[in-house]
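Here the structure comes first, spelled out in structure tokens, and everything after it is commentary.
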């Protein structure tokens, strides 16, 4: 096994959701900045990067957001809280930036690869992400996919709910990058779904279509922060070969 795999395995084995943080231990806040920068390198659907990350650092802001997280200890004692936000409403902005990037990469080229790449962001992305108020276009896409899928493999998701799930998947991948990075930096994390997302959105001044994916507490963990021995169901119940 390669040395990098040994190191990664150690990080995975040591990472735990720590729910109490040490208020007196030294904490390098720059580690959070570095970890967010690593988080945005995570794989994501069509490289659309429909996410945002908010660092909650000041004592007063930490107190307010912890209250919105039901005052759970993972939030109350965290040295910083990272709010991961999904922004499917920014798809047009991201599409425009990515299209310019792709057109620059393939400038002067007329081959099939170039046409396919440019066509993907110019034509397919708008068809996928567009959503009307009643989501009629989403229902039409589902019907089209159903009939096309009778003859060949076909992507089945395309309505508003499907797009929402896709964007949250990508944000979760970035969140995992962040947590593993913090572990590598020598600190602990705890992802939280127990929160009042509406209040957090209002606190951050987010638009209606933005959504809170999760809140992650981070900092130097205390010995009391790990509540129990790690438990996982047996591998044979979740790992299969075909």
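Brief remarks follow.
- Among residues of the range 219-228 being more than 20 Å from the chain's Cα centre (by Cα) and in contact (Cβ under 8 Å) with a residue 40 or more places away in the chain, the one that is nearest to residue 35 (Cα to Cα) is 220.
- Checked against the criterion of being in the same structural domain as residue 193 (by TED's automatic domain parsing) and under 30 Å from residue 201 (Cα atoms), the candidates 83, 125 yield just one match: 83.
- Test set (1) more than 22 Å from residue 44 (Cα to Cα); (2) touching a helix residue (DSSP H, G or I) at 6+ places or on another chain (Cβ under 8 Å); (3) assigned to a loop (DSSP other than H, G, I, E, B) - residue 158 fails condition number: (1)
- Test: residue 216 is within 30 Å of residue 7 (Cα to Cα), under 20 Å from the mean Cα position of the chain (by Cα) and not in a loop (DSSP other than H, G, I, E, B): yes
- Some residue of the range 197-211 being surrounded by 10 or more Cβ atoms within 10 Å (Cβ to Cβ), assigned to a strand (DSSP E or B) and at positive phi: no
- Residue satisfying condition, being in a helix (DSSP H, G or I), at negative phi and touching a residue at least 60 places away in the same chain (Cβ under 8 Å), within set 78, 74, 117: 74
- Scan of the range 22-58 for residues that are assigned to a helix (DSSP H, G or I) and either in contact with a helix residue (DSSP H, G or I) (Cβ under 8 Å, 6 or more places away or on another chain) or not assigned by TED's automatic domain parsing to the domain that holds residue 197 (or both), ordered by number: 31, 32, 34, 35, 36, 38, 39, 45, 46, 47
- The residues of the range 49-72 that are surrounded by 21 or more Cβ atoms within 10 Å (Cβ to Cβ) and more than 18 Å from the chain's Cα centre (by Cα), listed by number, are 65, 66, 68, 69.
- Some residue of the range 127-137 being under 30 Å from residue 27 (Cα atoms), out of contact with any helix residue (DSSP H, G or I) (no Cβ under 7 Å at 6 or more places or on another chain), outside any helix (DSSP H, G or I) and without any contact (Cβ under 8 Å) to a residue 24 or more places away in the chain: no
- For the criterion of being crowded, with 19+ Cβ neighbours inside 10 Å and out of contact with any helix residue (DSSP H, G or I) (no Cβ under 7 Å at 6 or more places or on another chain), residue 5 fails.
The values are calculated or read from the model by the stated rules, or taken from the named source; none is laboratory data. Note that the coordinates shown come from a computational prediction; the quantities given were computed from them, not determined experimentally. Because the Cβ atoms are built from the backbone with ideal geometry, glycine has one as well, and the counts that use them run over all protein chains shown.
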